[in-house]
1. If you build the convex hull over the alpha carbons only and average its shadow over all orientations, what do you get for region 78-140? Give it in nm² to one decimal.
2. So how far, in whole Å, is the C-alpha centre of region 56-116 from the one of region 119-156?
3. Would you kindly compute the Cα radius of gyration of region 3-84 and its largest Cα-Cα separation (Dmax), both in Å?
4. Please work out the ratio of the alpha-carbon Rg of region 1-142 to 2.2 N^0.38 Å and round it to two decimals.
5. For a paramagnetic label modelled at 7 Å from the Cα of residue 154 toward its Cβ, which residues of region 88-120 fall within the zone defined by backbone nitrogen distances under 19 Å?
């Protein structure tokens, strides 16, 4: 049983006429008749009730038609998926990153390579302020950065958490005592926010 047998049967079932089914399939009428006869022979049941003046589906034919439509629809889905996957190999995935995400980047790339090895990657070091604009304008597909990111059309996914600490000399004025907890105030020290990290150099594109 081949797809051409199924397609021929569906055409005849929907047209209820071998001549119109042949025109629809761009083949000769005898060719359509042979497809249906061979299909019935393989199944061992009559799918169509033929007479000189009309063609009708048998009960077996109607049941078979319902399932065949599902099969052909799924074949179409599979065909589109294959073509899209083949096209994706030639279209690089553009990933923007900052200096702050260089530690996460190698791990993310290893995981990506294990799951989608054929896809080509285009890595670009892009300042965090420019990442949002690049995403919105379609210059980047993915951006790796620290949160928050405030834009209504972009989706975010948390992939890692990391602690932040401040290291001070033992006698530093900003260091709290063993039982004292300093509150932020005038002249006190605060941990630098990731947003305050200096931007990297101008975007550099390179492929891996």
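Where a number appears in this text, it was derived from the coordinates with a stated rule and is not lab data. Fair warning: this is a prediction, and the values are worked out from it, not measured in the lab. Because the Cβ atoms are built from the backbone with ideal geometry, glycine has one as well, and the counts that use them run over all protein chains shown.
1. 5.0 nm²
2. Each part's Cα centre sits 23 Å from the other's.
3. 13.2, 46
4. Ratio of Rg to 2.2 N^0.38 Å for region 1-142: 1.80.
5. Correct set: 93-105.
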